[in-house]
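Below is one structure, written out as structure tokens; comments come after it.
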Amino acid sequence: MRNIHINIVYILLLASLSLTNFAYGQVNDTTIYSAPDVYPEFKYQEFKTTGKACERYFKLNYKMPLTLIDNGYKGAIVVRLIIEKDGKLSNIKIIRGMNDSLDESMLNFIKTMPVWTPGLKGGKFIRTEINIPIRVSWLYGNND
């Protein structure tokens, strides 16, 4: 009879620990999703899509550093980042660059972006990892 009581107490203890961890995990969920139910959005001016809003934001706000202005750049930089539950950006890194100085300049610029609307999964805001391809066309002091 004593063995049954100990087993039941042990099972109840495990169940309560599991429920505690479950509740804790929901409050402090640090999971990073790459396929949310609703993707994060960047809103800027009147643009309805994240792509168009980002493109406009970059064109109006990015300033090519003077040390790079006389060089020609054509290609793409791909940035990986996490959009946090509050819409702030974190873990920003270049996964495909063009030039160390240009990459660093772009990285610093992205760190100053306004907050995004975070992604959703199951109706809750989540941390979402995305890649942003940035098309660069700067031909010896002229951008097009």
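A short reminder: the numbers here are calculations on the coordinates, not readings from a lab. Just so you know, these numbers come straight off a predicted model, no measurement behind them.
In order along region 130-136, the phi-based Karplus estimate (6.51 cos²θ - 1.76 cosθ + 1.60, θ = phi - 60°) of 3J(HN,Hα) comes to 9, 10, 10, x, 10, 7, 10 Hz; Gly and Pro are listed as x.
For Gly119, the residues whose amide H sits under 5 Å from its own are Ile126, Thr128, ignoring neighbours fewer than 5 places away on the same chain, with H placed 1.01 Å from N.
For the cross-link pairs Lys85/Lys124; Lys52/Lys85; Lys59/Lys111; Lys85/Lys111; Lys88/Lys124, the ones whose C-alpha atoms lie over 18 Å apart are Lys52/Lys85. Phi-derived couplings, Karplus 6.51 cos²θ - 1.76 cosθ + 1.60 at θ = phi - 60°, listed residue by residue for region 93-103: 8, 7, 9, 8, x, 10, 7, 3, 5, 5, 4 Hz, with x used for Gly and Pro. Of all aspartates and glutamates in the structure, the ones whose alpha carbon falls short of 15 Å from that of Lys43, not counting any fewer than 8 places away in one chain, are Glu55, Asp86.
Backbone amide hydrogens, once placed in the peptide plane, bring Met98 within less than 5 Å of Asp103, excluding anything fewer than 5 places away on its chain.
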